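Working notes, beginning with the structure itself.
Where a number appears in this text, it was derived from the coordinates with a stated rule and is not lab data. Computed from a predicted structure; not experimentally measured. Glycine also receives a Cβ, built like all others from the backbone with ideal geometry; neighbour counts cover every protein chain displayed.
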Amino acid sequence: MTRRPRRNHSPAFKAKVALAAVRGEKTMSELAEQFDVHPNQISAWRDQLLKSASDVFGDAEKSAPATPAVDVKTLHAKIGELTLVRGGVKLPHSGGCVLHFAGGVKIPRH
């Protein structure tokens with residue numbers, strides 16, 4: 001048996017197949033033959049459609065991301081500025097409460 005190359009189905013095709021499965025007019029085997037897709041894949045797409053169907057009628061506010069888009073260049077510039085202002089201060093990675101300065105002086109944090 002030769003192996004079929006991997007296929008990527010469009011979202012529109014998946015929706016069409018899932019809706020046909022939800023309608024229940026044909027069996028999974030008939031749908032699999034009609035759309036040339038494995039019955040397990042049809043079941044997975046149907047379950048995904050039923051699971052996320054309530055999102056279609058949900059609030060638009062909930063679907064929008066909670067955090068605003070961040071300008072990475074601005075953040076990198078700010079990090080560089082703070083690094084220069086801070087000087088040679090190195091914070092320990094272990095989360096300890098001692099600041100280590102470039103000169104070797106240790107000052108406890110409060």
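The table below lists the values:
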| read-out | value |
| --- | --- |
| Length-normalised contact order of segment 11-58 in % [C-alpha pairs under 8 Å, at least 6 apart] | 38 percent |
| Packing rank of 14-21, 48-55, where each peptide gets the mean count of other beta carbons within 10 Å, highest leading | 14-21, 48-55 |
